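Enquirer: Pasting in a structure now, in structure tokens, and then I'll have a few things to ask.
The values are calculated or read from the model by the stated rules, or taken from the named source; none is laboratory data. Model, not experiment: these values are computed from the prediction. Please note: Cβ atoms are built from the backbone with ideal geometry, for glycine as well, and neighbour counts cover all protein chains shown.
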Amino acid sequence: MIPTITLNRFIRQEEKAHPYATGELTDLLYSIGLAVKMISHLVATAGYKGLHGYTDKVNIQGEIVHKLDQEADEILMEILSSCGHFGSLVSEERDQVVTTPFESKVAKYAVAFDPLDGSSNIGSNIPVGTIFTVFKRKTPEEPPGIDDMLQPGRNVVAAGYAVYGSMTSFVYTCGSGVHGFTLDPEIGEFVLTEEEIKIPESGSIYSVNEGYWELWDDKTRDAVRRLKESDNPLGKPYTSRYVGSLVSDFDRTLRRGGIFLHPANKKRERGKLRLLYECIPLSYIAHVAGGIGTDGSVNVIDIEPKSIHERCPLIIGSKKEVEWFLEILNNNQ
Ligand code: AHM
Ligand code: MG
């Protein structure tokens with residue numbers, strides 16, 4: 001089969017549907033696509049390039065920075081800076097917001113990314129990925145800054161992720177449909193493989209790190225226990241899958257349905273995952289695909305972020321399982 005629709009062609013077609021589009025978002029998305037191809041190559045060749053170790057840095061989250069985290073962050077930063085359409089940028093690996101000089105250009109967008117999600121799995125040949133969120137800057141007439149980034153998921157203009165696994169896939173949405181692409185390494189292009197992905201209404205998989213069992217509250221424990229028994233929407237035990245790499249766990253949930261959760265626990269009242277570049281983009285994608293992402297009380301895309309590295313509990317997936325889970329969490333008896 002000759003691949004006829006590449007990622008760039010598809011992005012361009014989406015742009016044409018918006019008569020007032022200036023091409024800046026298109027260019028930004030092309031750049032993310034290019035950076036992701038470079039990171040894919042980096043991940044695939046890291047073993048023999050001696051990149052499977054750690055740097056001597058600790059990031060703002062208190063995690064030791066893997067060499068590949070740093071390299072992936074630099075690739076994204078270089079490529080996005082040279083394309084020039086962001087005013088403010090947030091990376092999991094950088095303490096502060098990166099801004100472009102206001103005088104040089106009135107850049108319209110604010111971008112947040114997790115350059116290499118799941119990097120604790122590197123070296124075990126488990127899929128890792130990149131996640132990104134794009135907002136329009138809130139006050140383009142003002143110099144770029146942190147306010148550009150502190151926007152709820154409902155304001156997202158584009159969100160997506162790449163998974164570097166047995167194949168490299170790229171999934172993104174600009175709000176009208178979630179679309180999936182697969183990297184053809186022979187021609188170096190992402191090729192459209194799924195248009196308008198929809199999360200199944202319900203699924204048969206639950207996905208959670210049960211090592212946190214003792215730290216959960218009773219309601220979370222009760223809901224997870226019922227997923228393993230028969231007192232649940234499926235009427236029989238769900239199958240368990242947990243990769244420990246959010247992009248992979250989410251990608252499976254998007255395609256096969258069911259529920260993924262990384263809830264709050266006694267040690268982490270707001271969970272482990274990061275709001276701006278993990279929970280918001282994936283919840284926005286889930287929302288466009290017909291699913292739900294919640295923190296246990298409200299939809300993640302309705303949360304107003306207060307800081308750039310804020311954390312957020314995440315319960316995400318098919319409507320049926322997520323709504324059922326919420327009923328148990330919010331049942332006062
Ligand atoms: P990272 O962005 O620093 O790699 O951390 C986030 C990762 C997610 O990919 C994954 O869902 C989660 O941490 C796994 O956490 P745990 O090992 O506590 O279950
Ligand atoms: Mg991550």
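Enquirer: Condition (residue is out of contact with any strand residue (DSSP E or B) (no Cβ under 8 Å at 6 or more places or on another chain), at positive phi and away from ligand 1 (no atom under 12 Å from the Cβ)) applied to region 245-267: is it met by at least one residue?
Expert: Of the residues in region 245-267, the ones out of contact with any strand residue (DSSP E or B) (no Cβ under 8 Å at 6 or more places or on another chain) are 255, 264-267.
Filter again for at positive phi, leaving none.
Looking through region 245-267, none of the residues is out of contact with any strand residue (DSSP E or B) (no Cβ under 8 Å at 6 or more places or on another chain), at positive phi and away from ligand 1 (no atom under 12 Å from the Cβ).
Enquirer: Test each condition in (1) surrounded by 15 or more Cβ atoms within 10 Å (Cβ to Cβ); (2) touching an Asp or Glu at 6+ places or on another chain (Cβ under 8 Å); (3) modelled with pLDDT of 90 or more for GLY23 and report the one that comes out false.
Expert: (1)
Enquirer: For region 196-253, how many residues meet the condition of being touching a residue at least 12 places away in the same chain (Cβ under 8 Å), over 25 Å from ILE131 (Cα atoms) and either within 16 Å of ligand 2 (Cβ to nearest atom) or among the hydrophobic types (A, V, I, L, M, F, W, C) (or both)?
Expert: The number of residues fulfilling the criteria is 6.
Enquirer: Regarding PRO140, is this residue of a type outside the set (A, V, I, L, M, F, W, C), surrounded by fewer than 24 Cβ atoms within 10 Å (Cβ to Cβ) and in contact with a helix residue (DSSP H, G or I) (Cβ under 8 Å, 6 or more places away or on another chain)?
Expert: Answer is no for this residue.
Enquirer: For the condition part of a strand (DSSP E or B) and away from ligand 1 (no atom under 13 Å from the Cβ), what is the one hit in PHE135, PHE113?
Expert: Only one candidate qualifies: PHE135.
Enquirer: Something else now. Evaluate region 277-284: report whether one residue or more is surrounded by fewer than 24 Cβ atoms within 10 Å (Cβ to Cβ), within 15 Å of ligand 1 (Cβ to nearest atom), at negative phi and not basic (Lys, Arg). Walk me through it before giving the result.
Expert: Quick first cut of region 277-284, residues surrounded by fewer than 24 Cβ atoms within 10 Å (Cβ to Cβ) only: none.
Checking region 277-284: not a single residue is surrounded by fewer than 24 Cβ atoms within 10 Å (Cβ to Cβ), within 15 Å of ligand 1 (Cβ to nearest atom), at negative phi and not basic (Lys, Arg).
Enquirer: Within region 114-125, identify whether any single residue is at pLDDT 95 or above, touching a strand residue (DSSP E or B) at 6+ places or on another chain (Cβ under 8 Å) and away from ligand 2 (no atom under 12 Å from the Cβ), and answer yes or no.
Expert: Within region 114-125, none of the residues are at pLDDT 95 or above, touching a strand residue (DSSP E or B) at 6+ places or on another chain (Cβ under 8 Å) and away from ligand 2 (no atom under 12 Å from the Cβ).
Enquirer: To continue, here is another question. Being in contact (Cβ under 8 Å) with a residue 12 or more places away in the chain, within 12 Å of ligand 2 (Cβ to nearest atom) and not hydrophobic (A, V, I, L, M, F, W, C) is true for just one of PRO263, PRO281. Which residue is that?
Expert: Result of the check over PRO263, PRO281: PRO281.
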